[in-house]
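The structure appears right after this line, and notes come after that.
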Amino acid sequence: MPPANYPRLRVGEVATPKVAVRGAAGGAIMDAMPELPEVETIRRDLEPHVVGRRIVRTWCSDGPRYGDIHDAAGRAILALRRRGKYLLAELGEVGTVASPDAVSGIAARELVIHLGMSGRLFTAASRPDSPHLRAVIELDGPEHLYFDDMRKFGQLLVVRPGEYEALETLAHMGPEPLSADFDAENFHRALVASRAPVKAVLLGQRVVAGIGNIYADEALFLAGIHPGSRSVSRPQSRRLHAALKQVLAEAIANRGTSFSLYRDGHLREGNHYRELKVYDREDQPCPRCHTAICKTRIAGRGTHFCPSCQKPPRSTGNGRG
DNA sequence: CTGAGCCCCTGGGCGC
DNA sequence: TGCGCCCAGGGGCTCA
């Protein structure tokens, strides 16, 4: 069963990153962890509802992660962008009209939003009845923007555009994996330069942006690379480069992993959840070779891989010694 | 500087 | 049946 007291979305709300999903192995409920595809899905859903609107006022619950958004009041939302797992709402000067000219203008502030593990960002006509509501951004339209976050790992912050001193990860974010900036040769060089397990490099956000635990496991499986490998060959890094693009693009097309909703007492699986090859599939047969999927712990995270398709490197990481 | 590991936080699952 | 421990994880932080 999903959390009984977790607020159900009302009709008209959009994009829920936090939903209940049936674990394929044990029937366990797991959270939808917002990674790049989930955040991008939310961005696309919210964009037509918030861009061009003015922020009338804001409210935040107490806590170090939700303060400092009151400077957003009085500003128009010029654009809603995404960087890695962060949402960036570009805000205009106080009092300026959200005209098409203003929308194309230069932002005066940025509202930075990170959903953490359980954050939900959605628009609604009225304040949702939730014990985990952390922030309200009232707009000059029929709907307001709400941030709900059960586990309090999310973050809201208003900064001057591009000034991310308080956000170390965002300040040092690597290239967007689905953009031309994500260069295969640079990616290979970065992997070779690090002595950390390849999965830890993917999760680090500095070499490539937006990769979380699910898509790290999926991409490494697709590329046939052991997640604990500390050295990758050029062919391997090229496969991983392509696998990351493929996995993320497919997940976006499916509106992200774990987007099932709890309705009328029934659980429905998310669109991309059923496409997962290794994540949360411990002891189930590998879709490629039918070997049982293994689960271990790498970089402090649960890590799933096929021990047959993703063999650990012997010495140099290149099968040819 | 870099990698490893802990911590934050909450609720579901499960062991005793 | 009920209590309480353990787990999940993104990113910030500390320590070696």
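The values are calculated or read from the model by the stated rules, or taken from the named source; none is laboratory data. On a predicted model such as this, the values are computed, not experimentally measured, just so you know. With ideal geometry, Cβ positions are generated from the backbone for all residues, glycine too; neighbour counts draw on all protein chains shown.
So, of the residues in segment A:181-194 that are more than 27 Å from A:ALA251 (Cα to Cα) and of a type in the set (Gly, Ala, Ser), which turns out to be nearest to DNA strand C (Cβ to nearest atom)? Step by step, filter segment A:181-194, then rank; the result is A:SER194.
Only a single criterion out of (1) away from DNA strand B (no atom under 12 Å from the Cβ); (2) assigned by TED's automatic domain parsing to the domain that holds A:GLY92; (3) in a loop (DSSP other than H, G, I, E, B); (4) on the phi < 0 side of the Ramachandran plot is not satisfied by A:ALA135, namely (3).
Every residue, every condition in (1) of a type in the set (Lys, Arg); (2) at pLDDT 85 or above; (3) in contact with a Ser or Thr (Cβ under 6 Å, 6 or more places away or on another chain), yes or no:
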{"site": "A:SER61", "(1), (2), (3)": "no, yes, no"}
{"site": "A:GLY67", "(1), (2), (3)": "no, no, no"}
{"site": "A:GLY95", "(1), (2), (3)": "no, no, no"}
{"site": "A:GLU110", "(1), (2), (3)": "no, yes, no"}
{"site": "A:LEU145", "(1), (2), (3)": "no, yes, yes"}
{"site": "A:GLY154", "(1), (2), (3)": "no, yes, no"}
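Across segment A:169-210, the number of residues qualifying as surrounded by 15 or more Cβ atoms within 10 Å (Cβ to Cβ), within 13 Å of DNA strand B (Cβ to nearest atom), over 18 Å from the mean Cα position of the chain (by Cα) and without any contact (Cβ under 8 Å) to a residue 60 or more places away in the chain comes to 4.
Among the residues of segment A:105-113, are any more than 17 Å from A:PRO48 (Cβ to Cβ), within 14 Å of DNA strand C (Cβ to nearest atom) and either touching a Cys at 6+ places or on another chain (Cβ under 6 Å) or not in a loop (DSSP other than H, G, I, E, B) (or both)? Looking through segment A:105-113, at least one residue is more than 17 Å from A:PRO48 (Cβ to Cβ), within 14 Å of DNA strand C (Cβ to nearest atom) and either touching a Cys at 6+ places or on another chain (Cβ under 6 Å) or not in a loop (DSSP other than H, G, I, E, B) (or both). Looking across segment A:157-180 at every residue that is outside any helix (DSSP H, G or I) and among the aliphatic types (A, V, I, L, M), the one that is nearest to DNA strand C (Cβ to nearest atom) is identified as A:LEU167.
The condition (being in a loop (DSSP other than H, G, I, E, B) and either away from DNA strand B (no atom under 15 Å from the Cβ) or at pLDDT 90 or above (or both)) is satisfied by just one residue among A:VAL11, A:VAL19, A:VAL56: A:VAL11. Of all the numbered requirements in (1) under 21 Å from A:LYS85 (Cβ atoms); (2) modelled with pLDDT under 90; (3) surrounded by fewer than 18 Cβ atoms within 10 Å (Cβ to Cβ), A:ARG263 misses one, and that requirement is (1). Of everything listed in (1) away from DNA strand C (no atom under 16 Å from the Cβ); (2) modelled with pLDDT of 80 or more, the single unmet condition for A:PHE305 is (1).
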